[in-house]
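Asker: The structure that follows is given in the form of structure tokens.
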Amino acid sequence: MTKNRVLHALRAKQTNEEVDGEASYGKWSNVDLEPTPPTARNWSGWYFFAFQFSIAFSPTTYNIGSSLFAIGLTWWTIVIASFVGTGLCCIVIFNSRGATWYHIGFPVYARISAGIYGSLFFIFIRMIVAIFYMGTQTYYASRMMDVSLRCIFGHQWTDIPNSLPKSAGITTSQMVAFFNTWLLQFPFAWLHPSKAGPLFVVKSFLSPVAYTATMIWALVKFDGVNLNLAKKTVSGGQLGWNFMRAINTVVSGVVPPMVNIADLARYGNRPRDVWPLVAGLFISKPAVILIGLFTTAAGAKHFGVANWNLWDLYGLILDEFWGPGTRTLIFLGAIIQCFATIVTNVSSNAIPIGCDLNGLFPKYFTIVRGMILCHILVWPVAPWLLVNSAQNFLTFLGSYLCFISPIVAVMIVDYWIARRGNVHVPSLYRPEVGSPYYYTKGVNFRAYIAWVCGVVLVISGISGAIKPGSISQTAVNVYNCGFVLSLTAGALVYYILIKIWPVQIYPIGTHEGERKAWESMIATEGFFLDDEPMPEYIKEKVFFGVEPVGTSGLSEDGEAEKAKDG
């Protein structure tokens, strides 16, 4: 009896429209896996712009210059690579359209191309990697918190005796800073993504100010910059390969949002709401890389060492220019960037992990519950050990690019070419023969073949990236072009397979003959007239004259409305 009560208490709310306590979409759904109702579609174009604009303002993007100087690129080739790589990242917009029209997040959206059971593996991959990145980003934010506390307490902070062994990989004061950062971050676990838009707007104002002010202060204080930071330079063919590696590095920070975008695009009203995201991306990422270049170069001119971690540069500035004014400015810069890193963590890691747990365990996890668990898992990950002692492991995590790019490719080709934008939403929750997303025993083997081809093409170079010389340079060069090659291979193989074995668009035995024109299903958001369940807001559309697919197709008014909004 007690066990049953506990399990009942832990059950997630199953639907927005409770019917006798049962989920209207079945056991493969709950309140957060259902299509987003109109009342929660509150992400405007400004929110999407602010989201992508602000996400680049993080230590990961700021530090890109360090790795690119290390491989022999000059500052101007790094600038060019940042724009080329960012341009390639704009492909994210193609993976947002379906989620916006049909208002479903990644765990459900992945079922379209991978199959209801096949999607689980892709969801699991995304979740595991995001958990580790959640920990490392929290640690990066804590280093900024450490600087902020030094500005407040001075030597009383720096003189805290360290009672932890060297093997711990972290000092007592750093552990206190990490704990404080975690406390600051933890309340964001209760922020549902449908309500997170204003958070990114706040960050999009604060973070650029902090980064830009730091750069201007360094340029003025240290009399300009010395941009000759590379210890070596390359030319010829090696320059070309290293340039491709630079593009891959720039892209790596944006590939997760290419997949994650469905988790937020579902809260928009139409695709044009998401378009400003591209502008935010194209402006911000090169800008942060440039700010990192100039700030580090100015510090290198004065201190004789290039500190790519901003907290190290702040530490040197405090050592030499200690005083009320400097402490105040550094405190504001550090605490704003601590907050900014936390917000990036929420968008890039916490929300996806919450959505993935929601998709894997819909009976017990909502998005918020998943985000709460995600924040708790930061501790067993011990990110300070990952960052300080396991560079090879972080390199392996970086190979996530190779594993996720083919998934993005399959999703895009499936929606834009295989289905021509037509999704039957109720079938996404029905693992049964006849469902267009059941494929073969619930798995779309076309997607898996394409994914394997995209991964195998570049994965051999991982060992060379971890341990130089362990494999041929050709394999390493291929790996350094991982995004372009794996994305292209995944897309091409999936395209060939759907031409040979076309995918099923609508349920067998009911609506095979329905229109397959471009996005015929969007007028009724993926529902047929005879579908059960059909949300009330879809019924209202039907009542007010929008003729749904399942009778005679879209009305002329429906076609006009689609053209106007799309």
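The values are calculated or read from the model by the stated rules, or taken from the named source; none is laboratory data. As the structure is a computational prediction, the values presented were derived from the model and not from experiment. When we count neighbours, we look across all protein chains shown, and the Cβ atoms used for this are built from the backbone with ideal geometry, even at glycine. Accessible surface is based on the protein model in full, side chains and every heavy atom, while ligands, DNA and RNA are left aside. Shrake-Rupley method; radii C 1.70, N 1.55, O 1.52, S 1.80 Å.
Asker: Where Lys and Arg each count +1 and Asp and Glu each count -1, what net charge lies around Ser347 among other residues with Cβ under 15 Å from its Cβ?
Answerer: Working: positive: Arg126, Lys195, Lys203, Arg266, Lys285; negative: Asp263, Asp356.
My count for the surroundings of Ser347 gives +3.
Asker: Okay, next question. Against the longest alpha carbon principal axis of the chain, how many degrees, from 0 to 90 and to the nearest 10, is the axis of helix 310-321 turned?
Answerer: Rounded to the nearest ten degrees, it is 30.
Asker: Which stretch or stretches of segment 484-520 have amide N atoms under 20 Å from the point lying 7 Å from Phe445's Cα along the Cα→Cβ direction?
Answerer: Hits in segment 484-520 for Phe445 at 20 Å: 490-505.
Asker: Subtracting the Cα-Cα distance from 0.36 nm times the residue separation, let me have the gained length for Asn228 to Ser460 in nm, one decimal.
Answerer: Here the segment from Asn228 to Ser460 would lengthen by 80.2 nm.
Asker: Within 13 Å, Cβ to Cβ, of Gly115, how many net charges do the neighbouring residues add up to if Lys/Arg are +1 and Asp/Glu are -1? Before the final figure, lay out the partial values.
Answerer: Details: positive: Arg111, Arg430, Lys441, Arg446; negative: Asp414, Glu432.
Result for the local shell: +2.
Asker: Moving on to the next point. Filter the trypsin sites (Lys or Arg not before Pro) in segment 295-377 down to the DSSP loop ones having no more than 14 other Cβ atoms within 10 Å, then list what survives. All intermediate terms of the calculation are to be shown ahead of the outcome.
Answerer: Values: sites: Lys301, Arg327, Lys363, Arg369; in loops: Lys363.
Sparse-neighbourhood loop trypsin sites (Lys or Arg not before Pro): Lys363.
Asker: Another question, if that's okay. Please compare each pair in Lys516/Lys541; Lys363/Lys516; Lys27/Lys441; Lys441/Lys499; Lys203/Lys363 to a cut-off of 24 Å on the Cα-Cα distance and tell me which ones are over it.
Answerer: Details: Lys516/Lys541 21 Å; Lys363/Lys516 34 Å; Lys27/Lys441 17 Å; Lys441/Lys499 21 Å; Lys203/Lys363 34 Å.
Violating the 24 Å Cα-Cα cut-off are Lys363/Lys516; Lys203/Lys363.
Asker: Taking θ = phi - 60°, what integer Hz values does the Karplus form 6.51 cos²θ - 1.76 cosθ + 1.60 yield along segment 483-498, in sequence order, with x for Gly and Pro?
Answerer: Along segment 483-498, the couplings run 5, 4, 6, 5, 5, 5, 5, x, 5, 5, 5, 5, 4, 5, 5, 6 Hz.
Asker: In square angstrom, what is the accessible area per residue of the chain with a 1.4 angstrom probe?
Answerer: Dividing the accessible area of the chain by its residue count gives 40 Å².
Asker: Work through the residues other than Ile64 whose Cβ is under 12 Å from its Cβ and net out their charges, Lys, Arg +1 and Asp, Glu -1.
Answerer: On the way: positive: Arg245, Lys285; negative: none.
With Lys, Arg at +1 and Asp, Glu at -1, the net is +2.
Asker: Starting from the 7 Å offset along Cα-to-Cβ, what nm value, one decimal, do you get for the label separation of Phe153 and Lys27?
Answerer: The two pseudo-label positions are separated by 5.2 nm.
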